[in-house]
């Protein structure tokens, strides 16, 4: 079963090139093509991708999706390929040479619909020493020590999916969350409800490089708040809405925000490094409680932040 690797990008040329060059080194898996989805209005990475097409071992397809939005970009990439297996590697990630082969092996052995792999966060020079352990972990994804079937779901980055069962239709990712993210949570939650099988491949780690504007406590806590909103939002998005579930998660969030918030405040006064983890948990609790207004990280927000950036 052939694989297409999809990489959405928006004005991160250096990261994108590093990501693509790591894909060029993949061996041992039926990689058929790589699809880059440029989500900037001006198609800023076109020249660079066209330059790399000459050295790519498989077709390197460039797709321009000028409407900024994380779900819209992923859907545009899917329309550009007919491959039965779809892998996602984000533009800030770098895969070792055996990454795709390991992911594919476990995916087939487990007869999975979605297989996830570990992510190792890397923060840049200049990150405060007290915050670095937390931030490295924040940008990481940890899972079981051994590969095999799992019940938990993770994000799109570093994943392999069976198109027929998980990515059916022209737009499986919900564009309603284009600006805030969480399109993968919604997709995988629906897939799990429909009986999809999930697997974990411990042998397929990738590196994720946090850019300087993200390797900050302010950004991480804003993201933690957004992550915390997911359980409440998923319950509200069901048909019909699961308001009992929303109320349950709001109650959990209230307890978390109160208890962890108090601990974070005390540790902050004592300048203890653990204050970062406690603040994260408090932020996730607040997200469960205040789930209706999600912070915007993608789409137009990223276009505005990167105004003037070109490949």
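The values are calculated or read from the model by the stated rules, or taken from the named source; none is laboratory data. These numbers come from a predicted model, not from an experiment. Quick reminder, even Gly has a Cβ in these numbers, built from the backbone with ideal geometry, and neighbours come from all protein chains shown.
Observations on the model:
- Scope segment 10-36; condition in a strand (DSSP E or B) and surrounded by 24 or more Cβ atoms within 10 Å (Cβ to Cβ); matching residues: 34, 36
Okay, residues lined up against (1) closer than 30 Å to residue 215 by Cα; (2) touching a helix residue (DSSP H, G or I) at 6+ places or on another chain (Cβ under 6 Å):
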residue: 136; (1), (2): yes, no
residue: 143; (1), (2): yes, no
residue: 166; (1), (2): no, yes
residue: 173; (1), (2): yes, yes
residue: 201; (1), (2): yes, yes
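- Which numbered condition residue 112 misses (of (1) buried (at least 24 other Cβ atoms within 10 Å of the Cβ); (2) under 18 Å from the mean Cα position of the chain (by Cα)): (2)
- Any hit, segment 248-267, residues being without any contact (Cβ under 8 Å) to a residue 24 or more places away in the chain, touching a helix residue (DSSP H, G or I) at 6+ places or on another chain (Cβ under 9 Å) and not in a helix (DSSP H, G or I): no
- Note on segment 271-292: residues that are within 18 Å of residue 132 (Cα to Cα) and surrounded by fewer than 23 Cβ atoms within 10 Å (Cβ to Cβ) amount to 9.
- Selected residue [part of a loop (DSSP other than H, G, I, E, B) and either in the same structural domain as residue 131 (by TED's automatic domain parsing) or more than 24 Å from residue 122 (Cβ to Cβ) (or both)] from 233, 293, 229: 293
- Scan of segment 79-102 for residues that are over 24 Å from residue 209 (Cβ atoms) and out of contact with any helix residue (DSSP H, G or I) (no Cβ under 8 Å at 6 or more places or on another chain), ordered by number: 79, 80, 81, 82
- Selection status of residue 238, surrounded by 17 or more Cβ atoms within 10 Å (Cβ to Cβ), outside the structural domain of residue 119 (by TED's automatic domain parsing) and under 23 Å from the mean Cα position of the chain (by Cα): no
- Residue match in segment 209-216 (condition: at pLDDT 95 or above and not in a loop (DSSP other than H, G, I, E, B)): yes
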